[in-house]
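Values in this text are rule-based calculations from the coordinates and carry no lab data. Just so it is clear, the model here is predicted, and its values are computed rather than measured. Cβ coordinates were reconstructed from backbone atoms using ideal geometry, including for glycine residues, and neighbour counts include every protein chain displayed.
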């Protein structure tokens, strides 16, 4: 059953962003943690799939935005969704996840600026 607050779309968006940045951020993070080996170079084999993951990330974040902002949620009085703080937390979570996901997507384009 689909989540009524967009949580499933947010999780899928984050996973797609991680998949999109795994080819570039993964080796960097592993090397900074002291993990080495020839197998790290195999992570760059995921680079041809990066555009697919980028499209999936943007799709899932768009679906979450639609669910949170555009589609009115039916809510019974007295239920947790009737509390305005719940909607505020959902929107805050959405923006935190969106900014971090888009940051992950931008890493390969921004890393040459730091070398």
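Each label point was placed 7 Å from the Cα along the Cα-to-Cβ direction; for residue 45 and residue 85 their separation is 5.0 nm.
Helix-derived [θ] at 222 nm for the chain: sum -39500 (n - 2.57) over DSSP H runs of at least 4, divide by residue count, nearest 500? It lands at -21000 deg cm²/dmol.
The long axis of helix 84-110 is offset from the longest Cα principal axis of the chain by roughly 20 degrees. Against the chain, whose longest principal axis comes from its Cα atoms, helix 50-65 is set at around 20 degrees. Largest mean-square fluctuation among 79, 32, 100, in a Gaussian network model of the chain whose springs join Cα atoms under 10 Å apart, belongs to 79. With a 10 Å cut-off between alpha carbons and a GNM built on the chain, which of 76, 64, 16 moves the most? Evaluated over the chain, the most mobile residue of the options is 76. GNM on the chain, C-alpha springs below 10 Å: top fluctuator among 103, 78, 36? With Cα springs under 10 Å in the chain, the top fluctuation among 103, 78, 36 is at 78.
For the chain, take the longest principal axis of its alpha carbons; what is the angle in degrees between that and the long axis of helix 7-32, to the nearest 10 within 0 to 90? So the inclination is approximately 20 degrees.
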